[in-house]
Every structure is written in structure tokens, then in C-alpha cells.
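Trainee: Let me give you the structure first, and then I'll get to my questions.
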Amino acid sequence: MLAVLRNPTYAKLFSAQIIALLGTGLLTVALGLLAFEIAGGDAGIVLGVAMTIKMVAYVAVSPVTTALVARLSRKQVLIGADLIRAGVAVSLPFVTEAWQIYLLIFLLQSASATFTPAFQAVIPSVLPDEREYTRALSLSRLAYVLESLVSPMLAAVLLTVVSFHNLFVGTVVGFLASAILVIASRFPHIEPPAPAPFLNRLTRGAQAFWANSELRGLMGLNLVVATTTAMVIVNTVILVQGDLGRPQIDVALLLGAYGLGSMIVALGMPKLLDSLPDRRVMLTGGVALPFLLLATSGTIAWLEGTSQWVTLLALWVLLGAGTSTILTPSARLLRRNCTEQNRPAVFAAQFSLSHACFLITYPFAGALGAAIGLPAVALVLVALGILGALFALITWQARPHLDAAAAERRAKAQH
């Protein structure tokens with residue numbers, strides 16, 4: 001898998017991704033502490049509003065900014081977004097009011113909503129070979145999972161020697177280093193798309209999704225992933241400390257189990273996709289996740305003690321694995337069903353549509369979970385997941401001629 005890093009351009013871009021992810025992780029911790037300093041007991045409200053702003057920016061801003069910068073070079077877009085993010089991060093330590101946090105978070109997340117799909121869209125041009133691209137996707141998935149585990153630990157270590165305001169410095173350094181690595185990268189020549197009306201550029205990605213059965217299937221799988229992610233991200237702390245009465249370290253342990261499952265699948269995905277089609281792998285994950293959530297509901301409601309805890313650890317590993325079977329290869333579908341010219345729009349549409357699913361499932365998992373309890377809200381998420389899986393199964397029909405071509409490519413790759 002690491003052989004893909006022999007490509008110097010991809011190696012620099014991957015390094016930029018890791019550094020920016022670590023900077024973003026430090027920002028998450030520092031933002032929570034800043035909210036508490038400003039709002040005290042209302043810090044949860046401030047953070048909740050900030051996270052809502054983040055999701056709204058991801059859903060609404062990404063297609064708009066992608067349409068606005070469609071004629072600019074990919075390198076200019078990435079550098080500009082990194083510099084905006086660095087500028088916002090350097091301003092955060094001077095915030096004194098909650099509304100200032102909201103404004104800066106909107107600007108920062110709008111820049112991220114521009115950077116992330118643009119970054120993802122350039123990788124297929126840097127790595128045109130499908131097998132190399134698949135290995136790059138696995139590395140990227142590993143980077144996201146490891147960041148979620150490493151950043152809080154790094155922040156905890158840094159907080160023993162510096163104040164939380166200095167964590168924002170780490171964020172600024174991360175974004176600036178990312179910009180420098182992008183500048184140092186040699187991008188392949190990509191012809192800009194032909195001039196088109198703004199509305200056409202704005203809807204280009206969504207039109208591509210609706211016109212293609214694979215991408216319509218991916219829309220359903222996005223909802224399945226969002227149900228699982230919402231249950232894990234929103235309710236793990238409540239489950240462990242509230243319902244089970246276990247110590248804080250067990251929260252990290254359960255989240256670590258989820259990350260472990262995701263990493264195991266990401267590591268094995270290149271070999272798996274050398275022998276199996278994307279559809280079979282991804283739909284297997286899409287069908288399995290609602291059943292795993294159903295098992296989670298039963299475990300919370302009916303089991304107790306050690307058997308309950310061990311079962312939850314196993315389920316969190318499987319939930320992470322199932323999520324990764326969808327997330328890791330999903331960009332292969334995007335790459336296969338777009339052109340160089342509309343690729344940024346297609347990746348931006350996926351970025352926007354996937355986060356729109358989170359806007360549905362996160363409130364369900366949080367507010368509804370508080371009202372009706374975790375076993376019941378898990379059942380609600382199961383129902384949503386089944387709808388997403390059924391939509392994917394119905395709309396993403398097998399196409400024998402494409403499956404045969406993919407099988408031929410896999411056979412050639414193995415010889």
C-alpha cells in the first residue's frame with residue numbers, strides 16, 4: 001500500500017492532508033475549551049450551534065464555492081482555502097463573544113468545504129491507475145481514523161505544558177504547512193471546464209448523481225453510513241458514562257474499537273477490491289449496518305454487566321468495519337462516473353449530500369435519544385438505515401458488461 005507514496009506529488013499531497021487533519025483535530029479540542037471560557041455552563045449550546053454551522057456550511061457552501069472557482073486551477077483553489085483557514089484560526093484566540101465564534105467557524109468550515117472536495121478531486125488525476133488510486137483511498141481512510149485517535153491525545157499532552165490558546169497556533173501551522181506542500185507539488189495539466197452559466201455549474205454535480213445508477217446507489221449508502229456514525233459519535237459518551245456508569249477511559253476504548261474496525265477494513269480493502277466488485281463490497285456493508293444497529297439496540301436493552309460490555313466492544317468494531325466498506329471505496333465510484341472537467345462538481349456533490357444525511361441523523365441521535373432512550377433511538381436509526389439500504393439495492397443495479405470489464409481489469413492487475 002505504501003508503494004503509492006513513491007509518486008512525489010501524491011506523497012506531498014498526502015503529507016499536506018495529514019498535517020491539516022492534525023491541525024483540525026487540535027482546533028476541535030481548543031474550540032471546546034474556548035467555548036467553556038466564554039460561555040461557562042452554556043458551552044454545550046455554543047458548541048452545538050458551532051457544529052450545526054459546520055454541517056450547514058458543508059451542505060450548502062461546497063457546491064456554491066465549487067461553482068464559483070470552477071475556472072481556477074486546482075492548485076490555486078487549495079492554496080487559497082488553506083490560507084483562509086489559517087487566517088481564521090489565528091483570529092480565534094482573540095474571540096470574546098459567542099457570535100464571533102459562529103462567524104469565524106462559518107468562514108473556516110466554508111473554506112474546508114471548498115478544500116476537501118477539491119483535494120479529493122485532484123487525486124485521480126495524480127494517480128490515474130485504478131489500483132494505485134484504491135491504495136491511496138485506503139491510506140486516506142487510515143489518516144482520518146488515526147487523526148480522530150491521535151489528535152485528542154496530542155492535545156492532552158500539549159495542554160500539560162501550554163494553555164489551550166496555543167493549540168490554535170498548531171492549527172495555523174498545520175494549514176500553512178499544508179499550503180506550502182501544495183505549492184511544492186507538481187500538478188498534472190487539467191483543462192478547465194468550458195464557460196457555463198452559474199446555475200449549470202452549481203447543479204452539475206447533482207445532475208451527474210441523479211443520472212447515474214451507481215451514484216444514486218451511493219446516495220442511499222450515505223444515509224446508511226450517517227445512521228451508524230450518528231449513533232457512535234453522538235451517543236457513545238452517553239451510553240458509556242450515562243447508561244452504563246463506566247469511567248471516561250471506557251469512552252475512549254469504545255471509540256477506539258470503532259476506529260480499529262475501520263482501520264482493519266481500510267488496510268484490507270485494496271486486496272479485496274482486486275478480487276470483488278465495488279457493488280458487492282459496498283452493498284454488503286450497507287445491508288449489514290442496520291442489522292448491527294439492531295443488535296446494538298438489543299444489547300443496550302437486554303444485556304448487563306461484562307457480557308454487555310464485551311458485546312458492545314465487538315459491535316463497535318463491526319460498525320467501524322461496516323462503515324469502512326462503504327466509505328473507503330466510494331470515491332472509486334465518483335472517479336469512474338465523471339470527467340476531468342466535472343470531477344470537482346461531482347466530488348463536491350458527494351461531500352454535500354453525505355453531510356446532508358448527517359444533518360438528518362445527528363438530531364435524531366441526540367435530541368430524540370435524550371427523549372426516548374438509546375435502545376429506542378437505535379431502532380429509529382435502524383429504520384432510516386434500512387430505507388437507505390433499500391434505495392441503494394433498488395437503484396444500483398448490476399450491469400454485467402461493466403462488471404465483466406472490471407473483472408478483466410482485476411485479472412490483469414493480478415498477473
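Trainee: Evaluate the charge dipole of segment 203-415 about its Cα centre and quote only its size in Debye, nearest 20, assuming +1 on the Cβ of each Lys and Arg and -1 on the Cβ of each Asp and Glu.
Mentor: Using Cβ point charges on Lys, Arg, Asp and Glu, segment 203-415 gives about 760 debye.
Trainee: Counting each DSSP H run of 4 or more residues in the chain as -39500 (n - 2.57), what helix-only mean residue ellipticity at 222 nm follows after dividing by all residues, to the nearest 500 deg cm²/dmol?
Mentor: Result for the chain, helices only: -28000 deg cm²/dmol.
Trainee: In percent, what relative contact order does segment 234-374 have, based on Cα pairs under 8 Å that are 6 or more apart in sequence?
Mentor: Relative contact order comes out at 34 percent.
Trainee: Hey, another quick one. Rounded, prolate or oblate: pick one for the chain, where a ≥ b ≥ c are the square roots of the eigenvalues of its C-alpha gyration tensor, a/c under 1.5 means rounded, and failing that, prolate if a/b is larger than b/c, else oblate.
Mentor: Cα axes put the chain in the oblate bin.
Trainee: Another one. Please list, by residue number, every one of the chymotrypsin sites (Phe, Trp or Tyr not before Pro) in segment 59-159 that is coil in DSSP and has at most 14 other beta-carbon atoms within 10 Å.
Mentor: none
Trainee: Only Cα pairs within less than 10 Å get springs; with that Gaussian network setup on the chain, which residue of ALA98, ALA194, ALA86 has the largest fluctuation?
Mentor: ALA194
Trainee: Could you tell me the relative contact order of the chain? Use alpha-carbon pairs under 8 Å, at least six residues apart, and round to a whole percent.
Mentor: Details: 567 pairs, mean separation 109.4, N = 415.
Reported relative contact order: 26 percent.
Trainee: Among LEU292, PRO195, PRO329, flag the residue with its Cα farthest along the positive direction of the charge dipole of the chain, charges on Cβ as +1 for Lys/Arg and -1 for Asp/Glu.
Mentor: Result: PRO195, furthest along the dipole toward the positive end.
Trainee: Scanning the chain for GluC sites (Glu not before Pro) in DSSP loops with at most 11 other Cβ atoms within 10 Å, what's the longest stretch left with none?
Mentor: 98-303
Trainee: Now, a different point. Round to the nearest 0.05 the FRET efficiency obtained for ALA370 and ILE38 when R0 = 22 Å and r is the Cβ-Cβ distance.
Mentor: Efficiency, from the Cβ-Cβ distance: 0.35.
Trainee: Mind jotting down the distance between the C-alpha centroids of segment 297-346 and segment 1-78, whole Å?
Mentor: So the separation of the two Cα centres works out to 21 Å.
Trainee: Same structure again: Dipole size in debye (nearest 20) for the chain around its Cα centre, Lys and Arg Cβ +1, Asp and Glu Cβ -1?
Mentor: With Lys and Arg at +1 and Asp and Glu at -1, about 1320 debye.
Trainee: Provide the packing ranking of 228-236, 74-82, 347-355, i.e. peptides ordered by the mean count of other C-beta atoms within 10 Å per residue, highest first.
Mentor: 347-355, 228-236, 74-82
Only the coordinates and a few stated rules stand behind these numbers; no lab work does. Predicted model, so just to flag it, every value in this text is computed and none were measured. Every residue, glycine as well, gets a Cβ built from its backbone with ideal geometry; the counts of neighbours run over all protein chains shown.
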